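Engineer: Quick one: structure below, then a few questions.
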Amino acid sequence: MLEALRTATALQTAGFFLVANLAIFGGSIVLCWALGVMFKGKRIFDRWEPVRSVELAAAFSAVILNAAVSVGGWCLWTRGWIELRDGGILRSVIDCLLMVFAMDLGMYVFHRAAHHPVMFRVIHRFHHRHEATNPISLFVLHPLEVIGFGGLMILFLTLYPMSLAGLIGYLTLNVLFGTLGHAGVEPFPAFLSRLPVLRLIGSSTFHAEHHEHPRYNFGFYTLFWDKLFGTLDPDYERRFRQGS
Ligand SMILES: [Zn+2]
Ligand SMILES: [Zn+2]
C-alpha cells in the first residue's frame with residue numbers, strides 16, 4: 001500500500017484520505033453508539049447532547065480538513081521530510097507509546113492554551129458547546145483546532161522516524177481514546193484505578209469531566225500531565241469508580 005501511495009497523484013491521494021477519514025468518522029459514531037448501548041448501566045451523563053445542524057456541518061468540515069492535513073503529511077513524506085521505517089513488534093510498540101506520550105504532552109499544552117479566555121472565546125468554546133457529549137462531539141471542533149492537532153502530529157513525524165506499524169497503532173489509539181472520551185459511558189472497570197501505570201490511562205470519565213468542569217483534565221490519553229501540573233479533577237477517582 002505504501003508503494004501505491006508513494007506513486008499516486010495528489011488527487012488520488014486526496015480521494016484516498018477523504019474516504020479513509022469518512023470511514024473513521026462513521027466508525028467512531030458507530031463505536032460511540034455501541035458503547036452507549038453496551039454500557040448503558042454505566043452512564044456518566046443522563047442523556048446525550050442533541051445533534052444540531054451547525055455542529056454536524058462542523059464535524060463534516062473537520063473530516064475534510066483532516067483529509068487535507070493527511071495530504072499535507074503525504075507531501076512531506078514523498079519529499080523525504082517525513083520518514084517511515086520498517087520495524088519489528090518491539091520497535092512498533094515503543095514507537096507507538098512514544099508518540100502517545102509526546103502527543104499527550106503537546107496536546108496538553110495546546111489545550112491549556114486554548115482555555116486562555118481569548119483563545120477560548122474565539123476557538124475552543126465551540127467544542128465546549130457540548131456539556132454532556134454525543135457521538136459526533138469528537139469532531140465538533142473549530143477548524144484551527146483540527147489544523148493545530150494535525151500540525152502537531154506532522155511536527156512529531158518530521159522529528160522522529162516512526163515505524164509504519166507504530167504510526168498506525170497511534171492513529172488507531174487516537175480515534176479509540178477520542179471516541180471513548182465522548183461516549184458518555186464508562187467501559188473501564190473500577191479496579192483499573194488501583195493498578196500501577198494502568199490507573200494513568202485517560203478514561204471516558206476523565207474527558208467527560210473536562211466537558212463538565214473545563215478547568216480540570218486537559219490531557220487526552222493519560223492522566224500523567226494533569227497529575228504533574230496539578231490540574232486533575234480532585235473528584236476524578238471517586239467519579240471513575242462510581243461510573244465503572
Ligand atoms: Zn471533548
Ligand atoms: Zn477544553
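The values are calculated or read from the model by the stated rules, or taken from the named source; none is laboratory data. Predicted, not measured: the structure shown is a model, and the values here were computed from it. Every residue, glycine among them, receives a Cβ derived from its backbone with ideal geometry; neighbour counts consider all protein chains shown. Surface accessibility is based on the protein's heavy atoms, side chains included, excluding ligands, DNA and RNA. Shrake-Rupley method; radii C 1.70, N 1.55, O 1.52, S 1.80 Å.
Engineer: Of the residues that sit in the range 20-72 and are touching a residue at least 24 places away in the same chain (Cβ under 8 Å) and of a type in the set (Ser, Thr, Tyr), which one is most open to solvent (accessible area, probe 1.4 Å)?
Structural biologist: Restricting to residues being touching a residue at least 24 places away in the same chain (Cβ under 8 Å) and of a type in the set (Ser, Thr, Tyr), the top hit is Ser61.
Engineer: Right, something else. Determine whether the range 171-186 contains at least one residue that is at pLDDT below 95, open to solvent by 60 Å² or more (accessible area, probe 1.4 Å), of a type outside the set (A, V, I, L, M) and more than 14 Å from ligand 2 (Cβ to nearest atom).
Structural biologist: no
Engineer: Go through the residues of the range 195-213 one by one and say whether even a single one is away from ligand 1 (no atom under 15 Å from the Cβ), out of contact with any Leu (no Cβ under 7 Å at 6 or more places or on another chain) and not β-branched (Val, Ile, Thr).
Structural biologist: yes
Engineer: Continuing with the same structure: Do we find a residue being surrounded by 16 or more Cβ atoms within 10 Å (Cβ to Cβ), away from ligand 2 (no atom under 16 Å from the Cβ), of a type outside the set (Ser, Thr, Tyr) and touching a residue at least 40 places away in the same chain (Cβ under 8 Å) anywhere in the range 227-237?
Structural biologist: yes
Engineer: Follow-up question, since we're still on this one. Looking at Asp104 and the list (1) within 16 Å of ligand 1 (Cβ to nearest atom); (2) within 30 Å of Leu11 (Cα to Cα), which single condition is not satisfied?
Structural biologist: Tallying (1) within 16 Å of ligand 1 (Cβ to nearest atom); (2) within 30 Å of Leu11 (Cα to Cα), Asp104 fails exactly one: (2).
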